[in-house]
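These notes concern the structure reproduced below.
The values are calculated or read from the model by the stated rules, or taken from the named source; none is laboratory data. This is a predicted model, so every value here is computed, not measured. All Cβ positions, glycine included, derive from the backbone under ideal geometry; neighbour counts span all protein chains shown. Accessible surface areas use protein heavy atoms only, side chains included; no ligands, DNA or RNA. Shrake-Rupley method; radii C 1.70, N 1.55, O 1.52, S 1.80 Å.
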Amino acid sequence: MLMRTTTGRLRPLGKVLLGGVAALAALACGGDGPTPTPPVVVAPSFSAQATYGGGGGVDHHPTTNVAMGDFDGDGIADLVTLKFAPGGVTNLLVMLGSDDGTFSAPVSTLALPGTLLEKAWKVGPVTGDFNGDGRDDVAVAISNYEDILVVAFPEKDGSIHLFESYAGPAGAVVSDIQVGQLAGHDHLDIVFALDGDTDNVALFEGNGDGTFAAKYTTSSASSDPLVLGDFTGNKKTDIVLGVTPFGFELAPLGSDISVLTANTDGDYDEETITSLGLARRLSGLVKGDFDGDGVLDLVALYAGAASAERDSRMFTLRGGGNGTFTIAESYSYDESALGAARAADLNGDGKLDLAITQTTHPFIHVWLGNGDLSFTPSTSVTPTGALFYPKGLTLKDLNGDGLPDIIMAASNSGAGVFLNTTPKP
């Protein structure tokens with residue numbers, strides 16, 4: 001049953017089928033006076049998939065994630081991927097970009113510490129200029145391993161020969177990683193979400209020279225997805241987490257939104273909790289000003305309830321500007337669990353849209369933003385490849401035409417790129 005809410009209460013609506021996924025249908029509203037002519041909405045279009053960095057992976061564990069950065073300092077976006085290799089090793093591959101949206105063969109392959117046999121699962125990569133040399137570096141988190149963080153420093157040709165490792169709590173399970181400038185800091189920092197009851201947020205504070213100092217803080221419960229941004233209007237970076245009060249491994253009775261705000265000393269020990277009363281595990285968050293009021297909002301992806309794992313939903317959450325949120329809209333995916341969502345203006349109409357992946361079907365669905373925290377289903381993109389890792393998704397303008405393109409982890413075929421070919425409005 002497709003549901004939608006505008007007040008926190010769910011009510012049934014009609015539905016539209018998009019690529020086998022139940023999606024929202026518009027609700028016609030009555031009223032007096034002439035019906036206004038709706039604006040023309042341009043559906044985004046994309047090129048056929050181009051694939052980079054394929055081959056050399058284990059069939060069952062291929063390319064798992066992608067990220068963008070300028071590693072050679074030429075002002076053009078380059079590509080970095082995580083790719084499994086024989087023996088349970090995870091390689092970091094760097095491919096240099098051209099201004100037409102294409103990429104070179106891998107110029108660097110770095111074997112990261114820890115193997116799958118050691119259950120050393122990698123989270124990331126994320127990128128940023130951590131040492132102040134004007135070129136982006138790469139960071140990867142490692143679960144269940146003595147080193148919880150690896151920071152790699154590409155040379156001017158994109159090759160990687162130097163990296164630094166940082167130890168973490170024994171057995172720490174990393175669920176998400178983000179880069180940002182925390183309150184009171186002058187340099188880029190790295191933030192982890194960890195599974196556990198205490199010290200479940202790791203803050204690696206950058207010194208600006210490529211080194212980091214680690215400290216830990218605690219949210220109200222086990223953390224999973226996280227985003228960084230000013231959600232309280234104090235012009236400082238807040239840490240927003242999806243927290244599961246009853247633990248990741250158990251069927252949760254609900255998931256909340258936790259906002260950690262820095263105090264005057266820069267310590268993130270002030271927490272605001274929004275309890276949404278949803279019997280679902282929060283599996284993904286994406287931030288953006290989706291209604292144009294100047295306040296950051298959230299899109300939250302929820303896994304199905306324990307009794308209906310495939311009854312997944314997407315909620316839009318209106319930011320109150322004080323660290324709290326209210327449910328604006330609800331959308332039901334009754335055929336598949338959701339993987340990840342990314343936000344960008346994909347059709348050039350000035351409104352933020354969404355690209356959404358699924359965990360059981362190799363589709364990328366585009367939902368067009370209406371500018372009021374509601375979305376309308378539009379284009380679907382079907383990646384090629386034997387497997388598909390739904391968390392491996394990013395949006396970036398690769399060829400300078402002003403439209404974001406889709407870059408994704410395309411299974412054992414490497415990284416897949418879909419150039420945005422939408423006509424300009």
**OP:** Could you pull out the residue among V89, V41, V94 that is modelled with pLDDT of 70 or more, surrounded by fewer than 15 Cβ atoms within 10 Å (Cβ to Cβ) and β-branched (V, I, T)?
**Re:** V41
Subject >> Selection from segment 119-137 of residues that are in a loop (DSSP other than H, G, I, E, B) and among the aliphatic types (A, V, I, L, M) >> reply: A120
Original post:
Considering segment 185-213 alone, what residues qualify as being under 22 Å from G134 (Cα atoms), open to solvent by 10 Å² or more (accessible area, probe 1.4 Å) and not in a strand (DSSP E or B)?
Top reply: H185, D186, H187, L188, N207, G208, D209, T211
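So that you can scan it fast, the table gives a plain yes or no per residue for (1) within 27 Å of K215 (Cα to Cα); (2) part of a helix (DSSP H, G or I); (3) touching a residue at least 40 places away in the same chain (Cβ under 8 Å):
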position: L117; (1), (2), (3): no, yes, no
position: A139; (1), (2), (3): yes, no, yes
position: I148; (1), (2), (3): yes, no, yes
position: D157; (1), (2), (3): no, no, yes
Original post:
In segment 264-284, what residues are open to solvent by less than 20 Å² (accessible area, probe 1.4 Å) and in a strand (DSSP E or B)?
Top reply: T274, L282, S283, G284
Subject >> Long-range neighbours under 7 Å by Cβ, at least six apart or interchain, first residue within 18 Å of S275 (Cβ to Cβ) and outside any strand (DSSP E or B) within segment 285-305, second among the hydrophobic types (A, V, I, L, M, F, W, C) and modelled with pLDDT under 95 >> reply: A303/A337; A305/A279
Subject >> Evaluation of V243 against (1) modelled with pLDDT of 90 or more; (2) not polar (S, T, N, Q); (3) not in a loop (DSSP other than H, G, I, E, B) (one fails), failing number >> reply: (1)
Subject >> Residue, most open to solvent (accessible area, probe 1.4 Å), within segment 329-347, restricted to residues that are at pLDDT below 95 and over 16 Å from the mean Cα position of the chain (by Cα) >> reply: E335
Original post:
K119 versus (1) touching a strand residue (DSSP E or B) at 6+ places or on another chain (Cβ under 7 Å); (2) open to solvent by 40 Å² or more (accessible area, probe 1.4 Å): which is the lone unmet condition?
Top reply: (1)
Original post:
Is it the case that some residue within segment 126-133 is closer than 30 Å to A48 by Cβ and not hydroxyl-bearing (S, T, Y)?
Top reply: yes
Original post:
In segment 160-184, which residue that is among the hydrophobic types (A, V, I, L, M, F, W, C) and part of a loop (DSSP other than H, G, I, E, B) is farthest from A262 (Cα to Cα)?
Top reply: A170
Original post:
Any idea how many residues of segment 372-425 are open to solvent by 10 Å² or more (accessible area, probe 1.4 Å), modelled with pLDDT under 85, closer than 24 Å to V123 by Cα and out of contact with any Asp or Glu (no Cβ under 9 Å at 6 or more places or on another chain)?
Top reply: 8
Original post:
Cβ-Cβ below 7 Å, separation at least six or inter-chain, first residue in segment 341-362 and of a type in the set (S, T, N, Q), second at pLDDT 95 or above and assigned to a strand (DSSP E or B): which pairs?
Top reply: N347/D353; N347/L368
Original post:
Given the residues N200, N207, N144, which is the only one that is more than 24 Å from A111 (Cα to Cα) and modelled with pLDDT under 90?
Top reply: N200
